[in-house]
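Reading through the structure tokens given below for one structure.
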Amino acid sequence: GGADRFCPKGSAQPLFVRTGWFTNEDAHELVRSSEAPCPAGFWCTGGERFPCPPGTWGKGGAAAASQAESCAACDAGFFCPHEAHTDPRPFRCGNASVFCPTGSARPTAAVAVGFYTTHASGLYEGALALADPRNETMSAQLLCEPGFWCRGGVKYQCPAGTFGWAHGDGDP
């Protein structure tokens, strides 16, 4: 009768698929015979399954019945470039010259001159920086403060005997 119902062997009438489940896809939707819980990386509704889009990941399971309930944004500092990811941190963002905010499908373009990248996670920013000595999981860019110059996503202190008075300085 449709992807939202199925007829197990010996049944007299179709059964409606449970919330968060999908019907077997090896048969036409009018003659489906079984259901299964939604797998990780997908969301299921009306007996059909759909991959979580790039920038998101999915735990799977039968509890959720919508994309919003099943697919969560990938973690800040990481990116999810393909559909159907099952891990919130599949790929590190790269290096200090790019950053990945929460829900990134790919790293940003190169950071503008006069800006630097950081681990923008509030109270945990320092702990994240210590755990990432190669700056591979940067999640935001900030305008360079006076007394520093910024290029390639890295913040440098002005040389001894000099001082930068402007925000966003890109030259020593």
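Regarding residue 109, is this residue within 26 Å of the chain's Cα centre (by Cα), within 30 Å of residue 50 (Cβ to Cβ) and modelled with pLDDT of 95 or more? The answer is no for residue 109. Each residue in segment 43-98 was checked for being in a strand (DSSP E or B), within 28 Å of residue 155 (Cα to Cα) and open to solvent by 40 Å² or more (accessible area, probe 1.4 Å), and 2 of them qualify.
Could you please let me know if residue 109 is without any contact (Cβ under 8 Å) to a residue 40 or more places away in the chain, of a type in the set (Gly, Ala, Ser), open to solvent by 40 Å² or more (accessible area, probe 1.4 Å) and in a loop (DSSP other than H, G, I, E, B)? Yes: the conditions hold for residue 109. Among the residues of segment 1-34, just one is part of a loop (DSSP other than H, G, I, E, B), among the basic types (Lys, Arg) and within 23 Å of residue 70 (Cα to Cα), namely 18.
Output the residue which, of all residues in segment 8-52 that are touching a Cys at 6+ places or on another chain (Cβ under 7 Å) and in contact (Cβ under 8 Å) with a residue 40 or more places away in the chain, is farthest from residue 105 (Cα to Cα). Checking each candidate, the answer is 21.
Among residues of segment 159-172 that are in contact (Cβ under 8 Å) with a residue 12 or more places away in the chain, those with a beta-carbon under 8 Å from a residue that is of a type in the set (A, V, I, L, M) at least six positions away or on a different chain give the pairs 167/143; 168/143; 170/113.
The values are calculated or read from the model by the stated rules, or taken from the named source; none is laboratory data. Every value quoted in this text rests on a predicted model; they were computed, and no experiment measured them. Don't worry about glycine lacking a Cβ; one is built from the backbone with ideal geometry, like all the others, and counts go over all protein chains shown. In case anyone asks, the SASA skips ligands and DNA or RNA and just uses the protein heavy atoms, side chains included. Shrake-Rupley method; radii C 1.70, N 1.55, O 1.52, S 1.80 Å.
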